[in-house]
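Here's the structure, in C-alpha coordinates; my notes come after.
The values are calculated or read from the model by the stated rules, or taken from the named source; none is laboratory data. Not measured: the values here are computed from a predicted model. Here the Cβ positions follow ideal geometry from the backbone for every residue, glycine too, while neighbour counts run over all protein chains shown. With ligands, DNA and RNA removed, areas are computed over all heavy atoms of the protein, side chains included. Shrake-Rupley method; radii C 1.70, N 1.55, O 1.52, S 1.80 Å.
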Amino acid sequence: MPINMKLWQVKTKELQEITCEALNDEQRLQDWLVKDKTILGVDVLLVGRQVTTGSGGSIDLLAIDGQANLMVLVLKRDKPPHELLAQTLDHAAWVSDLTYEQIDTITKGFTAKPLWQAFSDHFGVSIPKAVNASHSMLILASDLDDSSERIVQYLATQHKVPIEVLFIALFKTAAGEFLGRACG
(Lines give C-alpha, C1' and ligand atoms only; values in the text may rest on other atoms or scores of the structure.)
Protein backbone atom coordinates (compact mmCIF):
# COMPACT_ATOMS: atom_id res chain seq x y z
CA MET A 1 0.00 0.00 0.00
CA PRO A 2 1.34 3.45 -0.77
CA ILE A 3 2.37 5.46 2.22
CA ASN A 4 -0.44 7.67 3.46
CA MET A 5 1.73 10.19 5.24
CA LYS A 6 0.93 13.84 4.62
CA LEU A 7 2.64 17.06 5.62
CA TRP A 8 1.46 20.65 5.37
CA GLN A 9 3.33 23.89 5.65
CA VAL A 10 1.55 26.57 7.65
CA LYS A 11 1.55 29.90 5.79
CA THR A 12 -0.17 32.54 7.90
CA LYS A 13 -3.82 31.41 7.67
CA GLU A 14 -3.34 28.93 4.87
CA LEU A 15 -2.07 25.37 4.73
CA GLN A 16 -0.04 24.20 1.77
CA GLU A 17 0.36 20.47 1.28
CA ILE A 18 3.95 19.39 0.69
CA THR A 19 4.67 16.83 -2.00
CA CYS A 20 5.54 13.37 -0.69
CA GLU A 21 7.90 11.23 -2.74
CA ALA A 22 9.11 7.67 -2.42
CA LEU A 23 12.64 7.49 -1.10
CA ASN A 24 14.22 5.28 -3.74
CA ASP A 25 17.85 6.09 -2.95
CA GLU A 26 18.83 3.27 -0.62
CA GLN A 27 22.42 4.46 -0.26
CA ARG A 28 21.24 7.88 0.89
CA LEU A 29 18.89 6.40 3.49
CA GLN A 30 21.63 4.08 4.76
CA ASP A 31 23.97 7.06 5.13
CA TRP A 32 21.34 8.96 7.11
CA LEU A 33 20.68 5.97 9.37
CA VAL A 34 24.39 5.50 10.05
CA LYS A 35 24.62 9.17 11.08
CA ASP A 36 21.35 9.29 13.02
CA LYS A 37 19.69 6.10 14.22
CA THR A 38 16.87 8.07 15.89
CA ILE A 39 15.14 7.90 12.50
CA LEU A 40 14.30 4.30 13.46
CA GLY A 41 12.46 5.30 16.62
CA VAL A 42 14.26 2.62 18.65
CA ASP A 43 17.58 2.69 20.50
CA VAL A 44 19.95 0.34 18.71
CA LEU A 45 23.64 0.17 17.97
CA LEU A 46 24.49 -0.34 14.31
CA VAL A 47 27.09 -3.12 14.08
CA GLY A 48 27.19 -3.79 10.35
CA ARG A 49 26.43 -2.43 6.91
CA GLN A 50 26.10 -4.54 3.76
CA VAL A 51 26.86 -7.66 5.82
CA THR A 52 27.47 -10.60 3.50
CA THR A 53 25.37 -13.63 4.40
CA GLY A 54 26.19 -17.26 3.83
CA SER A 55 23.70 -17.42 0.96
CA GLY A 56 25.49 -14.76 -1.08
CA GLY A 57 23.13 -11.91 -0.21
CA SER A 58 23.85 -8.96 2.02
CA ILE A 59 22.00 -7.39 4.92
CA ASP A 60 21.55 -3.65 4.42
CA LEU A 61 22.12 -2.82 8.09
CA LEU A 62 22.59 -4.99 11.16
CA ALA A 63 21.93 -3.62 14.62
CA ILE A 64 21.89 -4.82 18.21
CA ASP A 65 19.46 -3.67 20.90
CA GLY A 66 19.99 -3.04 24.62
CA GLN A 67 19.33 -6.72 25.43
CA ALA A 68 22.02 -7.78 22.92
CA ASN A 69 19.47 -9.10 20.43
CA LEU A 70 20.18 -8.55 16.75
CA MET A 71 17.94 -6.56 14.44
CA VAL A 72 17.99 -7.05 10.67
CA LEU A 73 17.19 -3.82 8.81
CA VAL A 74 16.10 -4.29 5.20
CA LEU A 75 15.63 -1.26 2.97
CA LYS A 76 13.09 -1.87 0.24
CA ARG A 77 14.51 -1.53 -3.21
CA ASP A 78 13.03 -2.33 -6.58
CA LYS A 79 12.28 -5.87 -5.47
CA PRO A 80 8.86 -7.42 -5.86
CA PRO A 81 7.16 -7.34 -2.43
CA HIS A 82 7.08 -11.10 -1.91
CA GLU A 83 10.78 -11.31 -2.78
CA LEU A 84 11.44 -8.59 -0.21
CA LEU A 85 9.69 -10.63 2.49
CA ALA A 86 11.52 -13.81 1.51
CA GLN A 87 14.85 -11.95 1.61
CA THR A 88 14.03 -10.48 5.03
CA LEU A 89 13.16 -13.91 6.46
CA ASP A 90 16.26 -15.46 4.87
CA HIS A 91 18.47 -12.78 6.45
CA ALA A 92 16.82 -13.39 9.83
CA ALA A 93 17.40 -17.15 9.52
CA TRP A 94 21.09 -16.50 8.82
CA VAL A 95 21.39 -14.02 11.71
CA SER A 96 19.77 -16.45 14.16
CA ASP A 97 22.82 -18.73 13.96
CA LEU A 98 25.49 -16.05 14.43
CA THR A 99 27.84 -16.63 17.35
CA TYR A 100 29.31 -13.98 19.59
CA GLU A 101 32.60 -14.29 17.73
CA GLN A 102 30.94 -13.76 14.34
CA ILE A 103 29.00 -10.72 15.61
CA ASP A 104 32.22 -9.39 17.14
CA THR A 105 34.00 -9.70 13.78
CA ILE A 106 31.16 -7.90 11.98
CA THR A 107 31.13 -5.18 14.66
CA LYS A 108 34.90 -4.64 14.48
CA GLY A 109 34.67 -4.28 10.71
CA PHE A 110 31.98 -1.60 11.00
CA THR A 111 32.77 0.29 14.24
CA ALA A 112 36.50 -0.52 14.59
CA LYS A 113 35.70 -1.62 18.17
CA PRO A 114 35.10 -5.04 19.70
CA LEU A 115 31.43 -5.83 20.29
CA TRP A 116 31.63 -5.56 24.09
CA GLN A 117 33.21 -2.08 23.88
CA ALA A 118 30.86 -0.73 21.19
CA PHE A 119 27.89 -2.04 23.21
CA SER A 120 29.16 -0.55 26.46
CA ASP A 121 29.98 2.79 24.82
CA HIS A 122 26.51 3.02 23.27
CA PHE A 123 24.25 1.65 26.02
CA GLY A 124 26.38 2.56 29.06
CA VAL A 125 26.24 -0.97 30.48
CA SER A 126 28.17 -4.21 30.05
CA ILE A 127 27.00 -6.51 27.31
CA PRO A 128 24.71 -9.29 28.64
CA LYS A 129 26.02 -12.84 28.81
CA ALA A 130 23.38 -14.02 26.35
CA VAL A 131 24.04 -12.37 22.98
CA ASN A 132 21.71 -13.00 20.03
CA ALA A 133 19.25 -15.01 22.11
CA SER A 134 16.57 -13.48 19.92
CA HIS A 135 16.39 -11.25 16.87
CA SER A 136 13.95 -9.01 15.04
CA MET A 137 13.37 -7.68 11.54
CA LEU A 138 12.59 -4.15 10.42
CA ILE A 139 11.65 -3.39 6.83
CA LEU A 140 12.05 0.26 5.81
CA ALA A 141 9.89 1.15 2.84
CA SER A 142 8.06 4.03 1.26
CA ASP A 143 5.24 1.68 0.28
CA LEU A 144 4.18 -1.92 0.61
CA ASP A 145 1.48 -3.76 -1.28
CA ASP A 146 -1.60 -4.99 0.61
CA SER A 147 -0.58 -8.66 0.37
CA SER A 148 2.87 -8.04 1.88
CA GLU A 149 1.44 -5.89 4.64
CA ARG A 150 -1.12 -8.62 5.40
CA ILE A 151 1.69 -11.23 5.54
CA VAL A 152 3.77 -9.09 7.93
CA GLN A 153 0.72 -8.56 10.17
CA TYR A 154 -0.10 -12.28 10.07
CA LEU A 155 3.43 -13.29 11.03
CA ALA A 156 3.60 -10.70 13.82
CA THR A 157 0.17 -11.28 15.36
CA GLN A 158 -0.58 -14.95 14.73
CA HIS A 159 2.92 -16.37 15.08
CA LYS A 160 4.64 -13.69 17.20
CA VAL A 161 7.40 -13.25 14.60
CA PRO A 162 9.28 -10.04 15.52
CA ILE A 163 8.84 -8.28 12.17
CA GLU A 164 7.74 -4.70 11.55
CA VAL A 165 7.52 -2.19 8.74
CA LEU A 166 8.67 1.40 9.12
CA PHE A 167 7.40 3.67 6.37
CA ILE A 168 9.79 6.39 5.28
CA ALA A 169 8.79 9.34 3.09
CA LEU A 170 10.67 12.22 1.59
CA PHE A 171 8.97 15.61 1.40
CA LYS A 172 10.36 18.32 -0.88
CA THR A 173 9.81 22.06 -0.78
CA ALA A 174 11.65 25.08 -2.11
CA ALA A 175 13.20 25.36 1.37
CA GLY A 176 14.65 21.86 1.28
CA GLU A 177 13.88 18.21 1.94
CA PHE A 178 12.19 16.65 4.95
CA LEU A 179 12.20 13.01 6.02
CA GLY A 180 9.13 11.50 7.66
CA ARG A 181 8.41 8.13 9.23
CA ALA A 182 5.31 6.19 10.19
CA CYS A 183 5.01 2.72 11.69
CA GLY A 184 3.04 0.13 9.77
Item checked: Under 27 Å, Cα to Cα: Lys pairs in the chain, sequence gap 8 or more or different chains -> 27
Next item on the list: From zero up to wherever the largest Cα-Cα distance of region 82-184 sits, split into 5 Å bins and tell me the percent of pairs in each.
Entry: 2, 10, 15, 16, 14, 15, 15, 8, 3, 1, 0
Next item on the list: For region 38-126, report the convex hull volume of the alpha-carbon atoms normalised per residue, in Å³, without decimals.
Entry: 101 Å³
Checklist line | Protein accessible area in region 133-184, 1.4 Å probe - carbon and sulfur % | finding: 53 percent
Notebook entry, point to check: Can you work out ³J(HN,Hα) from phi for every residue in region 67-76, in order, using Karplus 6.51 cos²θ - 1.76 cosθ + 1.60 and θ = phi - 60°, giving whole Hz and x for Gly and Pro?
Noted result: 9, 6, 9, 7, 10, 8, 10, 10, 9, 5
Margin query: Starting from a Cα-only point model with no solvent, please compute log10 I(q)/I(0) by Debye for region 115-154 at q = 0.14, 0.35 1/Å.
Written below: -0.57, -1.15
Next item on the list: Taking only protein heavy atoms into account and a 1.4 Å probe, give the accessible area per residue of region 119-184 in Å².
Entry: 53 Å²
Check: On a 0 to 90 degree scale, rounded to 10, what angle separates helix 146-158 from the longest Cα axis of the chain?
Finding: 50 degrees
Next item on the list: Per residue, how big is the convex hull around the C-alpha atoms of the chain? Give it to me in cubic angstrom, could you?
Entry: 139 Å³
Next item on the list: Just name one of Gln117, Leu155, Ala93: the one whose Cα is farthest towards the positive end of the charge dipole of region 51-172 (beta-carbon charges, Lys/Arg +1, Asp/Glu -1).
Entry: Gln117
Check: In region 7-79, which trypsin sites (Lys or Arg not before Pro) fall in coil by DSSP and have 15 or fewer other Cβ atoms within 10 Å?
Finding: Lys13, Arg77
